[in-house]
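Note sheet for the following structure.
The values are calculated or read from the model by the stated rules, or taken from the named source; none is laboratory data. This is a predicted model, so every value here is computed, not measured. With ligands, DNA and RNA removed, areas are computed over all heavy atoms of the protein, side chains included. Shrake-Rupley method; radii C 1.70, N 1.55, O 1.52, S 1.80 Å.
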Amino acid sequence: MKTVQPKQTANAFHVSNAQLGSSLRACAGAASGFGQDNRWRPNSDSETATVWRAAAIDMRARTLTEADVQAITLLHSGLEHVAATAQSISAGRALLPHTLARTATEHLLRAQHLLDETATSEDRIQRRLNEWLYAITESGYRRQGLLNSDVIATAGLTPDDLGLTESDLLQQAHDRAEAVGEVITDRDPSNKKTRGPRVEGTPGRLSTMRLAEIYTAGEAGGIPAFTMRALSASVHGTEIGVLQSFSDDAPADPSLGGVIVPVPAQLDPPTLAFSLLGVVLSLVNAIDSIRIRFAWASQTKADRRYQRDKDALLATWGRALNAP
């Protein structure tokens, strides 16, 4: 008896941009619901909850808890940006998905780095301190910007009204580092090429590109940095980022010397899925990291919804990536 093989159609892998956006939005919503169902807190019987309860009296526990709480704030921001990225994809926006995706991906990658279930307590303490040191340096630049302007005098303020100085904040970080058995290497202010303050023996706060390679490359090293640089180029208005979101067949204007004025055009589904794949991977990885670290219960209604929407997300974007 002859076996009839199913007919392969040209549309077997067809996925629209609207479907890419819809699946991403659904998973982001389910992830938010999963977090809300657990109040964005560790299971009361978990090891993490024990650390949180000791935070008031133990500096190591406090620093680890700060890492967790910082990760939660990054997750909230990351998920909000993922939802906005998804909405802009479904709406057919050409440029907005790339700039929103850049923020979403970085915030989720940094959240995962702080929650990383494969990291030791020492690793996570060092990461928290390096994030703090980076924030202190950036706040110093902001403060100096105001001091260099006429705003202070116009408002009748003094430098003391701007809060603690960078040196005061760095002293707090030094005190904390000493309390948890770490040492901070300060930046040399006379050498602009030196790196900012960092925990001794570490490279400091890792770049977004490095985090993308660590957590999303798999066996495709170099691809995450390639796509992340394109997203960053879009954010900064660089041609290699912006021009990818414009039509390459816009007609020349004969009345103006044949000048071609590009027209915004959303990428086709396979290319768009490839360009924004980091959003999908960092979303799934970050949620998996917090559920493990916080020991969230499985098989709850919120967990089943998240698992269903995650599977649908990966299947939809996988079909787009594998399209002929």
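Rounded, prolate or oblate, given the Cα gyration tensor of segment 173-318, with a/c below 1.5 counting as rounded? Display every interim value, and only then the final one.
Numbers: a/c = 3.45, a/b = 1.30, b/c = 2.66.
In terms of gyration-tensor shape, oblate.
Met59 contributes about 60 Å² of solvent-accessible surface, heavy atoms of the protein only, 1.4 Å probe.
The value for the chain of Rg(Cα) / (2.2 N^0.38 Å) is 1.19. Over segment 14-81, all Cα pairs binned in 10 Å intervals from 0 give whole-percent P(r) values of 19, 36, 25, 13, 6, 1, listed from short to long. Segment 110-158 and segment 253-324 have Cα centres lying 30 Å from one another. Apolar share of the accessible surface for segment 82-202: 48 percent from carbon plus sulfur atoms, 1.4 Å probe. Element breakdown for segment 253-324 at a 1.4 angstrom probe: carbon and sulfur atoms account for 61% of the accessible area. Semi-axes of the equivalent ellipsoid for segment 43-177, computed as √(5λ) from the eigenvalues of its C-alpha gyration tensor and ordered from largest down, come to 30, 28, 12 Å.
Heavy atoms of the protein chains alone define the surface here; on that basis the chain has 54 Å² accessible area per residue at 1.4 Å probe size.
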